[in-house]
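Heads up, the thing below is written out as structure tokens.
Every number in this text was worked out from the coordinates using simple rules, so none of it is lab data. What you see is a predicted model, and the numbers here were worked out from it, not measured in a lab. Cβ: placed from backbone, ideal geometry, glycine included. Neighbour counts: every protein chain shown.
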């Protein structure tokens with residue numbers, strides 16, 4: 001926005017644009033440095049897995065881009081409120097049309113468009129390369145992780161708990177979620193009743209559990225530790241209580257855990273519905289009778305059909 | 001094109017003979033809110049009776065005493081009875097029978113009673129909407145207070161989980177469904193004819209009907225509490241909605257009715273803006289607020305039918321056992337998600353655009369400068385409304401629906417920030433070397449720019465699939481859309497009230513209380529919702545009644561701020577009632593020295609708005625422009641008018 005040839009008084013008009021730009025530049029650089037080096041490493045969801053780390057990178061990059069944009073607007077508004085306030089007794093109107101308006105608009109549109117296209121390119125790369133970024137990719141994922149065949153784990157949502165099946169270990173079913181370190185994991189998420197969302201917070205994995213649908217998400221654990229699983233889609237009155245904890249353990253510990261659990265739950269596995277990528281709720285409610293009669297319960301227990309929600 | 005005869009005639013309501021005989025009946029015999037209530041009760045009983053008769057022993061859900069068919073019929077007949085009691089169908093029936101209609105009776109009755117009738121005057125409808133919207137907003141706000149009370153502690157509970165979900169659903173649905181009309185209803189109906197130089201809106205009956213559907217929707221939605229609420233929140237996802245008890249029917253009928261109300265209000269607004277502009281009111285002189293109403297009305301007309309469809313399909317799933325959303329029987333829960341968000345995302349802009357319109361309308365007045373980039377602002381609004389139909393799947397990034405299309409939806413979602421950014425470009429350019437007058441409306445407008453920026457920027461985070469994987473379904477999203485809707489729309493709505501109430505009622509709102517309200521509302525709004533970004537990022541999903549212990553401090557901070565925010569709304573209500581009922585300090589002139597056409601006539605405006613159709617001479621924002629002509633000639637001689645129309649001057653940009 002030009003400062004010249006406006007009116008005879010314009011010569012005394014200070015160079016507002018330069019002042020605003022200087023304040024903005026200094027504050028933006030400070031903000032961006034703080035975000036990248038100080039605050040950014042603590043951004044959610046941490047770096048426990050490959051997908052979590054890639055999401056954290058996205059948060060960092062977006063914040064570094066967003067901070068100067070926000071600074072520009074806020075610095076401008078503050079400057080305007082301080083410098084361009086109406087003075088007491090001044091009832092005059094401000095200046096009418098000023099030159100440079102067309103150029104300012106062109107610059108604005110080009111800059112915002114470039115920022116947006118840049119973010120789009122970055123976002124797409126971050127979706128495709130880290131194998132779907134930990135998000136649910138539907139039944140036939142196209143973006144898969146490298147590094148060997150992933151360990152398949154089925155996540156079954158039902159009101160109001162998650163159960164997990166390990167098809168590579170005889171399809172046993174458990175309420176504990178245990179993952180091996182440094183090995184790609186494939187979550188096959190489905191539901192028996194309503195829509196849930198499997199959100200393993202520190203893993204950076206979120207996939208909706210939809211009845212009759214298989215929804216796949218990938219991640220690669222990078223270090224051992226515990227994480228929280230919460231349901232992230234409203235699924236009825238105990239939605240808030242639908243959570244459990246999982247852990248990432250070294251590969252050897254995982255294998256011994258899996259083999260032990262497989263042996264322990266062999267009797268139960270026999271009467272469970274055979275492993276499948278989705279289950280019919282009606283079929284399961286029939287099977288539930290078997291469990292009660294035999295004095296056995298499914299790992300999660302309390303299977304029921306969609307028309308008979310348990311009312312706690 | 002030239003006007004040969006007096007242009008007043010076609011502006012009378014359709015089919016009415018203004019000279020016809022008018023028999024005044026006693027007040028209690030005339031259709032009004034009391035007959036409407038009676039009609040609603042009678043209708044409800046009839047509906048229940050029919051429902052119980054046709055479905056006895058057939059459709060009752062096993063092991064419960066519920067009969068969804070009877071309840072739905074009860075609601076529908078109650079709505080018909082409510083409208084019939086208001087006299088909505090009287091003129092239609094009279095016209096069908098070839099008898100003279102009584103439209104004028106409902107068009108120009110004086111006195112307070114007209115606010116409780118099916119009145120066709122757009123100014124009465126605007127005031128009805130204004131008061132009703134404030135009431136709805138406060139009711140839904142009380143539910144928010146209840147939510148924050150429950151979240152004071154992670155483990156000690158005020159409500160049971162069922163009651164909590166019920167409250168969350170009522171708060172969300174009431175806000176998202178009724179606040180769609182919070183600006184288009186009051187300010188759109190009241191001001192658009194005044195701003196474009198018209199004596200009326202195009203379809204007063206549709207407009208009045210759109211208003212009178214809102215109390216019906218409100219009461220039906222509230223009645224869900226009688227049937228222990230609905231567990232789905234405002235989104236109403238299947239199959240949870242199929243599993244839910246009778247409260248779900250209340251949600252479905254209410255949301256469907258509100259969808260119809262939106263369509264009617266939108267059609268009226270569209271046709272009014274396109275066809276009822278005064279001579280000289282070219283597209284380049286249209287006030288920016290009217291542009292925002294045009295864009296909003298387009299969205300309402302095109303998006304709301306999808307909502308009505310979704311609600312209808314869910315209703316049939318629940319009552320006559322269709323299976324649109326039942327996977328085992330060939331349906332799909334994905335279908336509902338798509339239908340809902342195909343409406344739901346444009347709806348977000350139905351809520352945002354009017355806010356843009358209000359602030360863009362107000363800042364030139366208090367900056368005493370022309371609106372910067374007028375064409376860009378209008379193009380931005382149209383651009384936002386077009387793009388908003390192509391982004392809905394960003395609500396479903398993790399759902400597994402068409403996952404390979406996500407880059408496309410990421411692109412469209414991020415692109416929408418370009419036309420949205422125009423709103424800021426316009427503000428920056430207008431503030432440049434302005435003479436800013438910090439009145440109460442201006443404070444609220446600046447507050448809107450401050451808040452909406454945080455809402456908009458956090459939206460870019462959510463459009464990024466990877467970042468959204470963590471943020472989706474958490475308090476991060478919750479903070480984001482409260483920043484855009486409450487921080488954007490409601491702040492703009494407040495700006496609009498303080499700016500236009502002197503016009504609407506001829507009464508000035510107390511400025512000191514207004515400033516106190518602004519500062520408390522602004523501070524506690526930010527103190528409520530800013531920490532929610534952190535709460536969400538640290539792992540708290542939405543709509544939970546239990547959360548991690550480590551988040552208690554933040555949640556308590558938010559809750560206390562929320563109560564104080566509620567207090568600031570209370571200050572507004574007190575100010576509103578105190579100023580309009582008790583003090584009534586008159587404000588007849590043009591207190592803001594605005595160039596807006598609506599300010600060129602007396603306050604409150606006369607029944608006919610303009611004695612003659614005005615001739616628009618220049619754009620409304622030419623503050624500080626040398627030799628700017630007055631905005632309109634309010635009393636053009638007929639021959640000048642005809643000549644002006646014949647050779648419509650090319651308006652200055």
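What is the average number of partner chain Cβ atoms found within 10 Å of a Cβ in A:102-114? Let's see the in-between values first.
Working: counts 2, 0, 6, 8, 0, 1, 10, 7, 0, 2, 9, 4, 0.
Taking the mean over all residues of the peptide, I get 4.
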| note | Over all Cα pairs of segment B:121-583, the Kirkwood radius sets Rh, and Rg/Rh then becomes 0.95
| task | For each of B:381, B:538, count neighbouring Cβ atoms within 10 Å of the residue's Cβ, then give the residues from fewest to most. | result | B:538, B:381
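Given a Förster distance of 51 angstrom, what is the FRET efficiency for residue A:117 paired with residue A:78, based on the Cβ-Cβ distance and rounded to 0.05? If you can, show how the numbers build up before the last one.
Working: r = 30 Å, r/R0 = 0.58.
According to the calculation, E is roughly 0.95.
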| Nearest 10 degrees, 0 to 90: what angle lies between the long axis of helix A:281-293 and the longest principal axis of chain A (Cα atoms)? | 50
| Length added when fully stretched, residue B:328-residue B:97, from 0.36 nm per residue minus Cα-Cα | 78.1 nm
| message | If I model a spin label at residue B:523 and residue B:627 as a point 7 Å from the Cα along the Cα→Cβ vector, what separation in nanometres do I get? | response | 5.1
| said: Can you compute the radius of gyration and Dmax for segment A:151-293, using only the Cα atoms, both in Å? | reply: 14.6, 44
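Return the average number of partner chain Cβ atoms within 10 angstrom of each residue Cβ along peptide A:209-217. It would help to have the intermediate numbers written out before the result.
Values: counts 2, 10, 7, 7, 7, 1, 5, 2, 3.
The per-residue average across the peptide is 5.
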| query | Which of A:219, A:49, A:261 moves most in a GNM of chain A, Cα contacts under 10 Å? | reply | A:261
| remark: Distance in Å, no decimals, from the C-alpha centre of segment B:461-537 to the one of segment A:221-263 is 38
| field | From the C-alpha gyration tensor of the protein assembly as shown, square roots of 5λ in Å | value | 51, 37, 22
| request: Would you mind getting me the FRET efficiency between residue B:131 and residue A:103? Use the beta-carbon distance for r and R0 = 56 Å, nearest 0.05. | output: 0.75
| field | Computed [θ] at 222 nm, deg cm²/dmol, chain B (DSSP H ≥ 4; -39,500 (n - 2.57); rounded to nearest 500) | value | -20000 deg cm²/dmol
| remark: Residues B:258, B:195 in order from fewest to most other beta-carbon atoms within 10 Å are B:195, B:258
| Over the Cα atoms of segment B:217-282, how large are the radius of gyration and the largest Cα-Cα distance (Dmax), in Å? | 17.9, 57
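Averaged across the residues of B:389-398, what count of C-beta atoms belonging to other chains lies within 10 Å of each residue's C-beta?
Details: counts 0, 0, 0, 0, 0, 0, 0, 2, 6, 18.
Rounded to a whole number, the mean comes out at 3.
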| Candidates A:272, A:78, A:203: whichever shows maximal mean-square fluctuation once chain A is modelled as a Gaussian network with Cα springs under 10 Å | A:78
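So if R0 is 35 Å, what FRET efficiency would residue B:113 and residue B:549 give, r being the distance between their Cβ atoms, rounded to the nearest 0.05?
My answer for the efficiency is 0.05.
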| Taking Cα centroids, how far is segment B:251-291 from segment B:570-610 in Å? | 23
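Quick one: B:608, A:91, fewest Cβ neighbours within 10 Å first, how do they rank? Walk me through the intermediate numbers first.
Details: B:608 14, A:91 9.
Lowest count first: A:91, B:608.
Over segment B:149-280, what per residue volume does the convex hull of the Cα atoms give, in whole Å³?
Each residue corresponds to 121 Å³ of Cα convex hull volume.
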| message | From the P(r) of segment A:155-218, could you give the percentage of C-alpha pairs in the tail past 16 Å? | response | 43
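Quantify how much of the Cα-Cα distance distribution of segment A:58-112 extends past 14 Å, in percent.
Pairs farther apart than 14 Å: 73 percent.
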| message | Please list, short to long, the whole-number percent of alpha-carbon pairs of chain A in consecutive 20 angstrom bins beginning at zero. | response | 26, 39, 21, 12, 2
| For chain A, built as a Gaussian network whose Cα springs stay under 10 Å, the top-fluctuating residue of A:242, A:71, A:48 | A:71
| field | Cα long-axis angle, helix A:101-128 against chain A (0 to 90 degrees, to the nearest 10) | value | 20
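Return a whole-number percent for the relative contact order of chain B, with Cα pairs under 8 Å and 6 or more residues apart as the contact set.
Details: 1102 pairs, mean separation 92.0, N = 653.
Averaging sequence separation for qualifying contacts and normalising by length gives 14 percent for chain B.
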| note | Length gained, residue B:28-residue B:46, 0.36 nm per residue minus C-alpha separation, equals 4.1 nm
